[in-house]
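Novice: Have a look at this one.
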């Protein structure tokens, strides 16, 4: 399912009864991500639980679970220190306002990617919630700042203190542990010695004039010349500076003639892949742009089979083995229907009761959908359109029967469907007194090709049995044009056949 994973914690009874306080965290075209501020709970081990929800502007059909939903809520346990979370539970809100709760069996730890919806949710979840948490956060920040800055100033101060003066050294270290370390570099070594000696001379104030009377006091200043050596060392080192500057000028002149050495062109390559990687985070699958079929596997972990599967559909059917295939036994009935514009195709849902029987199994018809052009090809030949009849048995094994459509006379059943086509994406229409004869969706000739494949839309689930009728069904050019106006191309490209077996009726 192409769903942003969101989340919450199991709180005490009284808290669960409190009204939800949904706050929007992020909004994109067609969807809104929110968090319930009233249901954020700190757990043991430094974890935090929170409920979040994704609201879509149109229903989403999940073929695998046979549900159509507009909102999904999720309960996640967040590890704020590690920047990751684990989904515990999901609740789907269906079109008919019913709810389905899903207990997540595969509880994997997911890392929140930078600038993603998950990262924004985690920022909100991990904020301090009370005065105690704010004080703890401030204390942690102070400790981190002290740890980061303690080493460098302590080393600078050690160079200014004589090694022989052990007590001053201890005093210096005590000062160095204080947060005002940025004031220490202005201390001069000669001045640092005078206050210490003055403290030792404090019992005898009389000698104070003596140093004034002694012009020899300057010699100590001359002894204080050791600091000047430190100062001199910099000028002395500065003397070669002109030579170094000349050398750099020479090097610049040399490099001026070697343009290809410039490193500037090397910067763009690492920047190019970064924007697509981040933009895939919230991209919905489709047939063009970033959501195109070649990127389906990158859009969501559950779509991995779209890129790694070995039995993907559609394929170019050729080189089949001609055998006596079992006839498909159809038990299709007249039925009411609901027609929906899903944003990817026109989909028709039918009432229960229509089935097929093949290989000793009974499969129930779920509905059918249209593709333009036809996704499958026969010996390289393309077709204008195709409809896919989707069936499942009670073990959720799937059979898809593909009926190829080509230009010809107007088809009355197709016209009845087009007459009730929804006006907008996401809308559906259920005519109250219009029934269709599903048998008229089938060609007269029932010979077919069969092979194992997959769904042709995400999540590209495999182990789907495909049966493709050899004889096409004819519809008018106008009927094809009506669908093509809505969906000029909603066909997945051909996939590798690999070593799969293809059979055909002889």
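Novice: Do we find a residue being at pLDDT 85 or above, under 16 Å from residue 89 (Cα atoms) and over 19 Å from the mean Cα position of the chain (by Cα) anywhere in region 8-20?
Specialist: Scanning region 8-20, I find no residue that is at pLDDT 85 or above, under 16 Å from residue 89 (Cα atoms) and over 19 Å from the mean Cα position of the chain (by Cα), so the answer is no.
Novice: A follow-up question, please. Could you check, for region 157-169, whether at least one of its residues is part of a helix (DSSP H, G or I) and modelled with pLDDT of 70 or more?
Specialist: no
Novice: Can you find even one residue in region 59-68 that is surrounded by fewer than 21 Cβ atoms within 10 Å (Cβ to Cβ), over 30 Å from residue 425 (Cβ atoms), out of contact with any helix residue (DSSP H, G or I) (no Cβ under 6 Å at 6 or more places or on another chain) and at pLDDT below 85?
Specialist: no
Novice: Working only within region 85-107, note down all residues that are at pLDDT 80 or above and over 25 Å from residue 45 (Cα atoms).
Specialist: 91, 92, 93, 94, 99, 100, 101, 102
Novice: Yes or no: region 94-109 includes at least one residue that is more than 20 Å from residue 60 (Cβ to Cβ), surrounded by 13 or more Cβ atoms within 10 Å (Cβ to Cβ) and either assigned by TED's automatic domain parsing to the domain that holds residue 40 or touching a helix residue (DSSP H, G or I) at 6+ places or on another chain (Cβ under 9 Å) (or both).
Specialist: no
Okay, residues lined up against (1) in the same structural domain as residue 462 (by TED's automatic domain parsing); (2) surrounded by 19 or more Cβ atoms within 10 Å (Cβ to Cβ); (3) on the phi < 0 side of the Ramachandran plot:
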residue	(1), (2), (3)
294	no, no, yes
315	yes, yes, yes
344	yes, no, yes
348	yes, yes, yes
360	yes, no, no
368	yes, yes, yes
381	yes, no, yes
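The values are calculated or read from the model by the stated rules, or taken from the named source; none is laboratory data. Worth saying up front: this structure is predicted, and the values here are computed from it rather than measured. Heads up, the Cβs are rebuilt from the backbone with ideal geometry, glycines too, and the neighbour counts pull from every protein chain shown.
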